[in-house]
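Trainee: Questions regarding the structure given below will be posed in turn.
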Protein chains: 2
Amino acid sequence: MVTIYDIAQKAGCSAMTVSRVINNTGRISEATRQRILAIMKEMNYVPNAMARSLVKQESRLLSLLIPDLTNPFYTSLARGAEDAARDLGYRLLLGNGDEDLAKEKEYIETVLSARVDGVLLTPTGDQSLAHLKKLAKQRIPFVLLDREVPGMGSDQILGDSREGTRMLTDHLVTLGHRRIAFLGGSRLVSTARLRLASFEETMAAHGLALPEGYLIEADYRMKEIDRQITALLAMPEPPTALLAANNFLALRAIRALRSLGKRVPDDLSVVCFDELEAGFVVDPFMTVAAQPSYDFGVMGIRMLVDRIQQKAPESWRKVVLPPVLHVRKSSGPPASL
Amino acid sequence: MVTIYDIAQKAGCSAMTVSRVINNTGRISEATRQRILAIMKEMNYVPNAMARSLVKQESRLLSLLIPDLTNPFYTSLARGAEDAARDLGYRLLLGNGDEDLAKEKEYIETVLSARVDGVLLTPTGDQSLAHLKKLAKQRIPFVLLDREVPGMGSDQILGDSREGTRMLTDHLVTLGHRRIAFLGGSRLVSTARLRLASFEETMAAHGLALPEGYLIEADYRMKEIDRQITALLAMPEPPTALLAANNFLALRAIRALRSLGKRVPDDLSVVCFDELEAGFVVDPFMTVAAQPSYDFGVMGIRMLVDRIQQKAPESWRKVVLPPVLHVRKSSGPPASL
DNA sequence: TAATTTGGAGTTACCGATAACTCATAAATA
DNA sequence: TATTTATGAGTTATCGGTAACTCCAAATTA
């Protein structure tokens, strides 16, 4: 590939002069400038970003680490992040963590090695603390998306788990449901904890009981969920509605319900946090508390770049984006009404 | 950040010795090796990939350029690409081209500057030729995904547009449709051309007529499509089914139909190429000729890396992945039956 | 014992750029 | 006219690694 030295030789000047033309720095006569510009074009010169990064100690590279790109929440978040990064003159490195701490660790290593200027990530869970500490120790700025990690201060873009859960619960209660079960995620994830707490709180506020067995904590093996749903429906007083703490759980639950011959919403209403489908869907099914996922990406990148360019205040910033309730087909009045 | 020189100083050896430990090259005594390893861990050393790339003339970076990450076809393709890239020890730079030649051009520049080892891309269209030539001139290996570009030989992963269109057309004919309209994309995109040709061919094979106005070429402005659909339905003999050349067009068409008060499939069946929703959807609606998009990504990356590592034959390789028909709710017998 | 091989390093140059400094010449000023 | 200033460059060192070469001492071989 062509380097500034090749250009310099052809132009009969030093490499530094070429560098000055490229960067528009220093003093250069208009004649020289035009001559070098012409030679650069003629030789198809493209600056080597790595060489520049090495000396500038800045890579103009950001990293986005999310659990799963195919989850519509992250799809749209990633799109927002990429758009915002390009607008600000940064490139974006993509990684899927798969809710797997080992993969996350590996990816953090990659990211450190790539000398990215900053990282935007949804941590796997509380145990991601060690990974974040690595970033912090190397002074790589990062912004946490969606999930908090206790013990780690940082810039954050969060949803409102409390409010979203309240909206979903209220919606079910308004429809007439009294027996509502909760399908939650791992207690090692901040959003799962908050959503569970808010659910309990809201149910209590409505004076509704939470029988033993109505609170399910799912792990990530589907068979577990199948069994848990089966057990739930086998109770003497089974729920008439199910609130899932995220789209992933709702999807699994509905599959389990279907395999048990239950119809949604006729036999059981199901609602959840986060969209279950991306914008391409014609006929959305799930009633959800949707989060502005594209904005998570855009604002995350902006916050990150502000931090990198030290335009941000010293203290950590925390943005909370409100959810919106979309009432669709998966929720209806309880069958008994 | 810690460099090999810092490690060398602390270990009382030369930087080269440290480099040898890192890369497991050359001869090193076990004692020295362990000492250096310990110091590296103690000082949280992380190798600088950019510095290494600079001297090795290899970045271990690949680039994925797709039109739109939020399109489920590309979402899943991107996921496949990321998984495969990581498996092979490469990082992935992500870019959305938005079917916009200017954006694509910009991105090609970025990619050249980043000195990626290879590029995986869905070209915007035939006019992408100039961009591909740039890559070729700089000897950057690339693999084309989904779309061909006339005049540019290269490795390719393609779907079977001919077969997929035939399947969709046959499906509609089998349901009893005789008046089928075609909503195609820009003739500057290879897949759009192929699908149109295959549609005409298949209709002819069934002895079915294609009245004037049944073949729509859409541009990317939605208002155009609205008007085109309106005109289509205002014909003396309007179609009973619509075959859209891709998911994007089908989505637009269905929105237009709904705003005209038409129900799908009761008033009009709609089928299309490519999934309209990603895996998270509970209740898929569209009848589609689905392409194995995840495999597009995985195989594309593998083909690319083979080429980079010169494990590939000199000649261009072309893989064609077959589509699968998923019959769902958007297609049914014509209303007149 | 002398010559050769081998193990375990160190030295130097270079990858492609930029920062900081230097320097000659022409123009402006005293 | 002598001195200062501005213009338009060039030189050198450096970013953090690795390739290629060198080199010495111990071990092996003739």
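Trainee: Could you rank A:Ile216, A:Ile22 by how accessible they are, 1.4 Å probe, largest area first? Don't skip to the end; give the middle numbers.
Mentor: Details: A:Ile216 15, A:Ile22 45 Å².
These residues rank, largest area first, as A:Ile22, A:Ile216.
Trainee: Related question: Within the stretch B:27-110, report the trypsin sites (Lys or Arg not before Pro) that DSSP leaves as loop and that have at most 15 other Cβ atoms within 10 Å.
Mentor: On the way: sites: B:Arg27, B:Arg33, B:Arg35, B:Lys41, B:Arg52, B:Lys56, B:Arg60, B:Arg79, B:Arg86, B:Arg91, B:Lys103, B:Lys105; in loops: B:Arg27, B:Arg60.
Within the stretch B:27-110, the qualifying trypsin sites (Lys or Arg not before Pro) (loop, at most 15 other Cβ atoms within 10 Å) are B:Arg27.
Trainee: Moving to a separate point now. Using alpha carbons only, how many angstrom separate the centre of the stretch B:29-58 from the centre of the stretch A:56-111?
Mentor: Value for the Cα centre distance between the two parts: 25 Å.
Trainee: With a 1.4 Å probe and all protein chains in place, put B:Glu275, B:Glu201 in order of accessible area, largest first. Mind showing how you got there, number by number?
Mentor: Working: B:Glu275 45, B:Glu201 85 Å².
The residues order as B:Glu201, B:Glu275, largest area first.
Trainee: Under unit Cβ charges (Lys, Arg +1; Asp, Glu -1), what dipole magnitude, rounded to 20 debye, does chain A have relative to its Cα centre?
Mentor: Working: 42 positive and 39 negative charges, 241 e Å.
I would put it at about 1160 debye.
Trainee: For the protein assembly as shown, give the magnitude of the charge dipole about the Cα centre (Cβ charges: +1 Lys/Arg, -1 Asp/Glu; no others), in debye to the nearest 20. Don't skip to the end; give the middle numbers.
Mentor: Values: 84 positive and 78 negative charges, 432 e Å.
Charge dipole, the protein assembly as shown, about its Cα centre: 2080 debye, nearest 20.
Trainee: Using the Cα centre of chain B as origin and beta-carbon charges of +1 (Lys, Arg) and -1 (Asp, Glu), tell me which of B:Leu101, B:Ile180, B:Leu61 is placed farthest towards the positive end of the dipole.
Mentor: B:Leu61
Trainee: Another one. Using a 7 Å offset from the Cα along the Cα-to-Cβ direction at both B:Glu212 and B:Glu163, what is the distance between the two label points in nm, to one decimal?
Mentor: About 3.8 nm separates the two model spin labels.
Trainee: Here's another thing I want to ask about it. Probe 1.4 Å, all protein chains in place: accessible area of B:Arg115 in Å², nearest 10?
Mentor: The accessible area of B:Arg115 comes to roughly 40 Å².
Trainee: Taking 0.36 nm per residue of sequence separation and subtracting the Cα-Cα distance, how much length would be gained by fully extending the chain between A:Ala205 and A:Val55, in nm to one decimal? Show your work: numbers first, answer last.
Mentor: Values: separation 150, 0.36 × 150 = 54.00 nm, distance 6.01 nm.
My answer for the length gained is 48.0 nm.
Trainee: Compute from the Cα atoms of the stretch B:268-335 the Rg and the Dmax, the latter being the longest Cα-Cα distance, and quote both in angstrom.
Mentor: Cα radius of gyration and Dmax of the stretch B:268-335 are 17.1, 57 Å respectively.
Trainee: Using the structure shown, select from B:Lys105/B:Lys134; B:Lys223/B:Lys262; A:Lys10/A:Lys41; A:Lys10/A:Lys56; A:Lys41/B:Lys105 the pairs with a Cα to Cα distance greater than 21 angstrom. Please list the in-between numbers first.
Mentor: On the way: B:Lys105/B:Lys134 10 Å; B:Lys223/B:Lys262 17 Å; A:Lys10/A:Lys41 12 Å; A:Lys10/A:Lys56 26 Å; A:Lys41/B:Lys105 15 Å.
Those over the limit are A:Lys10/A:Lys56.
Trainee: With a sphere of radius 15 Å drawn around the Cβ of A:Pro47, what net charge do the other residues whose Cβ falls strictly inside it have (Lys, Arg +1; Asp, Glu -1)? Don't skip to the end; give the middle numbers.
Mentor: Details: positive: A:Arg20, A:Lys41, A:Arg52, A:Lys56, A:Arg60, A:Arg91, B:Arg115, B:Lys134; negative: A:Asp6, A:Glu58, B:Glu106, B:Glu109.
Result for the local shell: +4.
Trainee: For B:Leu268, what is the net charge nearby, where nearby means another residue's Cβ is under 12 Å from its Cβ and Lys, Arg count +1, Asp, Glu -1?
Mentor: Values: positive: B:Arg179, B:Arg258, B:Lys262, B:Arg263; negative: B:Asp266, B:Asp267.
Net of charged neighbours comes to +2.
Trainee: In µm²/s, what is D for the protein assembly as shown at 37 °C and 0.692 mPa s, where D = kT/(6 pi eta Rh) by Stokes-Einstein and Rh is the Kirkwood radius from Cα pairs?
Mentor: Details: Rh = 27.6 Å.
Estimated diffusion coefficient is 119 µm²/s.
Trainee: Name the residue from A:Val305, B:Ala51, A:Ser29 whose Cα lies farthest towards the positive end of the charge dipole of the protein assembly as shown, charges +1 on Cβ of Lys and Arg and -1 on Cβ of Asp and Glu.
Mentor: Looking along the dipole axis, the top candidate is A:Ser29.
Trainee: Could you give me the percent of Cα pairs per 5 Å distance bin for the stretch A:1-150, shortest bin first, beginning at zero and ending with the bin that holds the maximum distance?
Mentor: Final binned percentages: 2, 9, 16, 16, 13, 10, 8, 8, 8, 6, 3, 1, 0.
Trainee: I would also like to ask the following. Averaged across orientations, what area in nm² does the convex hull of the alpha carbons in the stretch B:106-218 project?
Mentor: Numbers: hull surface 32.1 nm².
The orientation-averaged projected area of the Cα hull of the stretch B:106-218 comes to 8.0 nm².
Trainee: In nm, what does the list of distances from B:Gly176 to its counterparts in the other copies look like, shortest first, when each label sits 7 Å along Cα to Cβ?
Mentor: 3.7
Trainee: Rg (Å, one decimal) plus Dmax (Å, integer) for the alpha carbons of the stretch A:4-47?
Mentor: 9.0, 24
Trainee: Now for a separate question. When only C-alpha pairs under 8 Å and at least 6 residues apart count, what is the relative contact order of the stretch B:121-167, in percent?
Mentor: Values: 47 pairs, mean separation 17.2, N = 47.
37 percent.
Trainee: For chain A, take the longest principal axis of its alpha carbons; what is the angle in degrees between that and the long axis of helix A:222-233, to the nearest 10 within 0 to 90?
Mentor: 30
Trainee: Can I ask one more? What dipole magnitude, in Debye to the nearest 20, does the stretch A:217-323 give about its Cα centre under +1 on Lys/Arg Cβ and -1 on Asp/Glu Cβ? Each step should come with its number before you reach the end.
Mentor: Details: 13 positive and 14 negative charges, 58 e Å.
Value, rounded to 20: 280 debye.
Trainee: Can you tally the net charge around A:Leu304? Count Lys and Arg as +1, Asp and Glu as -1, for every other residue whose Cβ sits under 12 Å from the Cβ of A:Leu304.
Mentor: On the way: positive: A:Arg302, A:Arg307, A:Lys311, A:Arg317; negative: A:Asp117, A:Asp155, A:Asp306.
So the environment of A:Leu304 carries a net charge of +1.
Trainee: While we're on this one: Would you mind giving the average projected area, over all directions, of the Cα convex hull of the stretch B:205-337 in nm² with one decimal?
Mentor: Numbers: hull surface 45.9 nm².
Average of the hull's projected areas for the stretch B:205-337 equals 11.5 nm².
Trainee: Given B:Ile140, B:Thr110, B:Pro123, which one lies farthest toward the positive end of the charge dipole of the stretch B:100-190, if we put +1 on the Cβ of every Lys and Arg and -1 on the Cβ of every Asp and Glu?
Mentor: B:Pro123
Trainee: If I ignore ligands, DNA and RNA and count only protein heavy atoms, how much of A:Cys13 is accessible to a 1.4 Å probe, in Å² to the nearest 10?
Mentor: 40
Trainee: Sticking with this one: Run the numbers on chain A and let me know its relative contact order in percent, using alpha-carbon pairs under 8 Å that are six or more apart. Kindly include the intermediate steps, with their values, before the conclusion.
Mentor: Details: 608 pairs, mean separation 64.5, N = 337.
The value is 19 percent.
Trainee: In addition: In nm, one decimal, shortest first: how far is the label point of A:Leu129 (7 Å from Cα along Cα to beta carbon) from the matching points in the other copies?
Mentor: Copy-to-copy label distances for A:Leu129: 6.1 nm.
Trainee: Using only the alpha-carbon atoms, how far is helix B:247-259 inclined from the longest principal axis of chain B? Give it as 0 to 90 degrees, nearest 10.
Mentor: The two axes meet at around 40 degrees.
Trainee: Kindly give the semi-axes, whole Å and largest first, of the ellipsoid equivalent to chain B, taking each as the square root of 5 times a Cα gyration tensor eigenvalue.
Mentor: Details: eigenvalues 532, 71, 55 Å².
So the three semi-axes of chain B are 52, 19, 17 Å.
Trainee: Please work out the C-alpha center-to-center distance from the stretch B:234-287 to the stretch B:141-220 and express it in whole Å.
Mentor: Each part's Cα centre sits 16 Å from the other's.
Trainee: Also, I was wondering about something else. If I fit a long axis through the Cα atoms of helix B:30-42 and take the longest principal axis of the Cα atoms of chain B, what angle between them do I get, 0 to 90°, rounded to 10?
Mentor: The two axes meet at around 60 degrees.
The values are calculated or read from the model by the stated rules, or taken from the named source; none is laboratory data. The structure presented is a predicted model; accordingly, all values stated were derived computationally and were not measured. Here the Cβ is made from the backbone with ideal geometry for all residues, glycine too, and neighbour counts use every protein chain on show. Side chains are part of the model used for accessible areas, which takes the heavy atoms of the whole protein and leaves out ligands, DNA and RNA. Shrake-Rupley method; radii C 1.70, N 1.55, O 1.52, S 1.80 Å.
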